[in-house]
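The values are calculated or read from the model by the stated rules, or taken from the named source; none is laboratory data. Everything quoted here is computed from the prediction, not taken from an experiment. Counting neighbours? That spans all protein chains shown, and the Cβs are built from the backbone with ideal geometry, glycine included. These accessible areas exclude ligands, DNA and RNA; they are computed on the full protein's heavy atoms, side chains included. Shrake-Rupley method; radii C 1.70, N 1.55, O 1.52, S 1.80 Å.
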Amino acid sequence: MSVKKLSAKAFNKWVDVCVQEHCVYGVQAKNDRFAFGPLARGVDLRLDYDVTILPPKKYLQPPSEALLKFNKEAEYESITEVEPFVIFGIHPYDIVAISQMDKVFSADNGDIHYMKRREQATLVAVDVQNASDNVFAGSMGTAVVDEGFDILLTRLKDSYLIDIRTEKGEALMKHTKKAEDATEADLKLRQQVQEDNKALLNKHELLTAPQELPALLNQSLDHPVWKEKAELCYSCGSCNLVCPTCYCFDVEDDVDWSLDEGVRRRKWDGCMLAEFAAVAGGHNFRRHREDRYRHRYYRKGRYIHERYGDIACVGCGRCITACTANIANPVEIYNRLREDH
Amino acid sequence: MKEPHVCESKSDIYLPEPATVLQVKPMTRLETYFKFKLNSGKPLGHRPGQFVQVSLPGIGEAPISISSSPTRGASFDMVVRNVGNVSGAMHKLRSVDRVGIRGPFGTEFPVDEMKGKDVLLICGGIGLVPVRSVIQYILDNREDYGRIMILIGTKTSADRLFIEEIKEWRRVKNITLLETVDHRDENWSGIEGVITMLLPLVKVNPSETVAVVCGPPIMYKFVIVQLQKMKVPDAEIYVSLERHMKCGVGKCGHCQINQFYVCQEGPVFKFSDISDIEEAIE
């Protein structure tokens, strides 16, 4: 594939055509913050955003997703129709998170509901232009990416570099005739942007290499930090909801007014919520906040790693921002464990 | 560029297949026995100790242990305690009603590795429900196994399950079957006390014995300590653990015990595999 270049003006026109030709979700301003939403006009796209409130995960694993139709005769049928769509403006750390989700949902018992959506999605990534207050992607090795997307955009002074990696990416590029080949000088500029981002996207500095986290956690089961932080936890699950690598779900039946048929849905769930590990009959296997709080960090830093080989934290910093009790900074926790180790 | 991971499976892991209720029989105040058959006529294909997800349209889905041995034909049994949405609604099922079934899921009691050995089965309360699948399997292959010791504990005599079947089990050669109730009443003249009281009453040859433990969460640590005192090796103790298994296929995250998913690496665990896992045994 190839790296192309579009002037800022031609870029906006290209996005306008993309929006007319495809179902496009893009980053837009939402009051004083940013969010992915249906994109109507190229001019609304805000690729200079710092971080979105929710990660783009919401289009691949929707908050409420129909899995099956059923009727009262207990006949069940899969729902898998998904129209093609484009997500415009995904930061590198969120691309890494999506690659992790791909692994989870394709491994072992493959999940056709996730994979259908994933197949229909075109991912347009963008190198970060403004660092958010709590990002630490630099520490997690996720400030830049070289795979997992269909197109990667990089803002240069008056233009965008467009790195096209797949046929889906090529298909989008058919909507402009203004693209030129990127020059050696352009690629050097891009490299500089990416090198700078590794340093800039590091508002909290993790003092240990991410791959050391499983071993560090392994030795920190009884560390006082779990209880100390958990005592302030509201068990609200906000850290779960905004996390790009949280994918746990609950399943519910929604019955139609007719009472003859209905839809089985999966809905986002969170391991910090009090009832997450409760079973019928009332026994709760993680009834203390401390158990749930520690579980979340162990799942991110150790359990997922053992199962899939990934550290399930990409350094987006959304949990830090979302936590009303100010106890959800993973870097603070991990540095503390390291200090006391 | 790596293409996104390809999902090998073309079938839907969440899609239940239709099954029909063949028989319903109340067992206690809270527990009811059900016999099911897949509408396809095919056997479920389960192994002793595995579970299925039972779907009731509009109510939802719940993980339920299979209580019968695969040696007993194409139908399969469950005994359900009326404690949740699905289990509650199941108590309104009548024969010929239809449900959805996914599975079987999870690990099995190691009925092959047990061959040639004595088997000690320790069942608290509805822990007898999944263990019954092993007992039936052993009885149907009786010559493959050594001595069978079945220890059963319930809260009261009114909570006893499979009363008629237990009478038959007692009659089988080389079976020791002991029952206790936590609280004796006018309907019980047998042993009174918690299930650990039964262990000293059986003669166990620790080097020749495989132990199976299934019961309420509180029971495990007390039983296991006693088995260890009796010198049964941790690698010969199997436990079946309960957790909230929402999806049954290792995705939803609810049944996690540290790095394990109970629906995948369990529900039957070799105790030596989980003895240093802090969330496993309460």
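Once the piece of chain linking residue B:259 and residue B:208 is laid out straight, how much longer is it, given 0.36 nm per residue of separation minus the C-alpha distance between them? Provide the component values of the computation, followed by the final result.
Details: separation 51, 0.36 × 51 = 18.36 nm, distance 3.10 nm.
Net length gain for the segment: 15.3 nm.
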- Item | Additional length obtainable on full extension of the chain from residue A:83 to residue A:167, 0.36 nm per residue less Cα span | 28.5 nm
- Step through the residues of the stretch A:285-293 one at a time and calculate ³J(HN,Hα) from phi using the Karplus curve (6.51 cos²θ - 1.76 cosθ + 1.60, θ = phi - 60°), rounding each to whole Hz and writing x for Gly and Pro. 6, 9, 7, 8, 4, 4, 4, 6, 4
- Query: Residue by residue through the stretch B:36-42, which ³J(HN,Hα) values in whole Hz follow from phi under the Karplus form 6.51 cos²θ - 1.76 cosθ + 1.60 (θ = phi - 60°), with glycine and proline marked x?
  - Reply: 10, 9, 5, 5, 5, x, 6
- How about the stretch A:78-122: which of its residues lose at least 40 Å² of accessible area in the presence of all protein chains relative to their chain isolated, using a 1.4 Å probe? A:106, A:109, A:110, A:112, A:115
- Task: Classify the stretch A:186-288 as rounded, prolate or oblate, taking a ≥ b ≥ c as the square roots of the eigenvalues of its Cα gyration tensor: rounded when a/c is under 1.5, otherwise prolate if a/b is larger than b/c and oblate if not.
- Result: oblate
- Note on the structure: The simple spin-label model distance between residue A:209 and residue A:133, using points 7 Å out along Cα→Cβ, in nm, is 3.3 nm
- Note on the structure: Computed over chain B: longest principal axis from alpha-carbon atoms vs helix B:219-229 long axis, angle to nearest 10 degrees, is 50 degrees
- Note on the structure: Here, residue A:72 and residue B:11, labelled 7 Å along Cα→Cβ, have an inter-label distance in nm of 3.0 nm
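In Å, the Kirkwood hydrodynamic radius of the stretch B:178-282 over pairs of distinct alpha carbons?
Details: mean 1/r = 0.0656 Å⁻¹.
The answer is 15.2 Å.
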- Message: Using a Debye calculation, one point per C-alpha and no hydration shell, please list log10 I(q)/I(0) for the stretch A:2-200 at q = 0.15 Å⁻¹ in order.
- Response: -0.94
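Apply the a/c threshold of 1.5 to the C-alpha gyration tensor of the stretch B:118-240 and tell me whether it is rounded, prolate or oblate. Write out the running numbers ahead of the final one.
Values: a/c = 1.66, a/b = 1.17, b/c = 1.42.
Here the stretch B:118-240 falls in the oblate category.
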- Task: Pull up the DSSP beta bridges for chain B and report the antiparallel fraction as a percent, rounded to 5.
- Result: 55 percent
- Rank A:88, A:70, A:36 by mean-square fluctuation in a GNM of chain A with C-alpha springs under 10 angstrom and give only the top-ranked residue. A:70
- Heavy-atom accessible area of residue A:233 with all protein chains present, probe 1.4 Å, nearest 10 Å²? 20 Å²
- Kindly report, to the nearest 10 Å², the accessible surface of residue B:208 as traced by a 1.4 Å probe over protein heavy atoms only. 80 Å²
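Go ahead and run the numbers for FRET between residue B:170 and residue A:9, Cβ-Cβ distance against an R0 of 60 Å, rounding to 0.05. If you can, show how the numbers build up before the last one.
Numbers: r = 89 Å, r/R0 = 1.48.
Computed FRET efficiency for residue B:170 and residue A:9 comes out at 0.10.
Grab the Cα-Cα distance for residue B:201 and residue B:115, subtract it from 0.36 nm times how many residues apart they are, and report the gain in nm with one decimal. Walk me through the numbers on the way to the answer.
On the way: separation 86, 0.36 × 86 = 30.96 nm, distance 2.36 nm.
28.6 nm is the gain from fully extending residue B:201 to residue B:115.
Nearest 100 Å² is fine: how much accessible area is buried between B and A, summed over both sides, with a 1.4 Å probe?
Working: alone 13840 and 17080 Å², together 26480 Å².
By this definition, chains B and A bury close to 4400 Å².
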- Could you tell me what percent of the DSSP beta bridges with both partners in the protein assembly as shown are antiparallel, to the nearest 5? 65 percent
- Item | Isolated Cys in chain A, by beta carbon distance under 4.7 Å | A:18, A:23, A:233, A:236, A:248, A:271, A:313, A:316, A:323
- Message: If DNA, RNA and ligands are ignored and the probe is 1.4 Å, what is the ranking of A:167, B:179 by accessible area, most exposed first?
- Response: A:167, B:179
- Item | Radius of gyration and maximum dimension Dmax of chain A, Cα, Å | 21.3, 66
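Is the stretch A:72-180 best put as rounded, prolate or oblate by its Cα gyration tensor, with a ≥ b ≥ c the root eigenvalues, rounded for a/c under 1.5, and otherwise prolate when a/b is larger than b/c, oblate when not?
Details: a/c = 2.78, a/b = 1.54, b/c = 1.81.
Note, shape of the stretch A:72-180 comes out oblate.
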- Query: Which whole-Hz couplings ³J(HN,Hα) result when phi for each residue of the stretch B:73-84 is put into the Karplus expression 6.51 cos²θ - 1.76 cosθ + 1.60, θ = phi - 60°, listed in order with x for Gly and Pro?
  - Reply: x, 7, 7, 9, 10, 9, 10, 10, 8, 7, 10, x
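Just from its helices, what would the mean residue ellipticity at 222 nm be for chain B, if runs of 4 or more DSSP H residues each count -39500 (n - 2.57) and the sum is divided by every residue, rounded to the nearest 500 deg cm²/dmol? Before the final figure, lay out each step's value.
Values: 5 runs with 43 residues, N = 282.
Per the formula, -4000 deg cm²/dmol.
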- Message: Probe radius 1.4 Å, ligands and nucleic acids ignored: give me the carbon and sulfur share of the accessible area of chain B as a rounded percent.
- Response: 50 percent
- Note on the structure: For chain B, the Cα-Cα pair-distance distribution in 10 Å bins from 0, as whole percents, is 6, 28, 36, 22, 6, 1, 0, 0
- At R0 = 30 Å the Cβ-Cβ FRET efficiency linking residue B:278 and residue A:275, nearest 0.05, sits at 0.90
- Using the heavy atoms of the protein chains and a 1.4 angstrom probe, tell me the accessible area per residue for the protein assembly as shown in square angstrom. 43 Å²
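So how do B:270, B:25 rank on accessible area, 1.4 Å probe, biggest first, that is with the largest at the start? If you can, show how the numbers build up before the last one.
Details: B:270 65, B:25 95 Å².
Listed by decreasing accessible area, they come as B:25, B:270.
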- chain A - percent relative contact order, Cα under 8 Å, separation 6 or more: 22 percent
- On the full set of protein chains, 1.4 Å probe, figure out the accessible area of residue A:108 and give it in Å² to the nearest 10. 120 Å²
- Over chain B, calculate the relative contact order: mean separation of alpha carbon pairs under 8 Å at least 6 apart, over the residue count, as a percent. 17 percent
- Query: When Cβ neighbours within 10 Å are restricted to other protein chains, what is their mean count per residue of peptide B:211-217?
  - Reply: 1
- Go ahead and collect, in residue order, the members of the stretch B:252-275 whose backbone nitrogen is under 20 Å from a label point 7 Å along the Cα-Cβ direction of residue A:218. B:257-261, B:272-275
- What does the convex hull of the Cα atoms come to per residue for the protein assembly as shown, in Å³? 169 Å³
- Message: Using only DSSP helix segments of four residues or longer, with each worth -39500 (n - 2.57), what per-residue ellipticity at 222 nm results for chain A after dividing by its residue count and rounding to 500?
- Response: -9500 deg cm²/dmol
